[in-house]
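What follows is a single structure, written as structure tokens, with notes after it.
Every number in this text was worked out from the coordinates using simple rules, so none of it is lab data. All figures in this text were calculated on a predicted structure; none of them were measured in a lab. Every residue, glycine among them, receives a Cβ derived from its backbone with ideal geometry; neighbour counts consider all protein chains shown.
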Amino acid sequence: MEHIVNLHIEKLPEGVYLATSEDIPGLVAQGRTISETLEIARDVARKLLEAQHERQGQKHACH
């Protein structure tokens, strides 16, 4: 399943890029290039969304 997520990417004074998202709380990714940062952000987003779905599934299983 594909999700569209808005990312905010900024170049830090240290020369690396930082990606965050208001769409997925907790998403923070850092890379040496924009491309690397996007790839890392994609992986982090996938893991955060999977964890969120697992938690929701556990809530429903308890009822």
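Observations
- Folded to 0 to 90 degrees: helix 34-62 orientation relative to the chain principal axis, Cα: 10 degrees
- Around Tyr17: net Lys/Arg minus Asp/Glu count, Cβ-Cβ under 13 Å: -2
- Computed on the chain, the Cα convex hull volume stands at 82 Å³ per residue.
- Taking the chain and dividing mean pair separation by its residue count, relative contact order in percent (alpha carbons under 8 Å, at least six apart): 21 percent
- Each Lys or Arg adds one and each Asp or Glu subtracts one; over the other residues with Cβ under 14 Å from the Cβ of Lys47, this totals -1.
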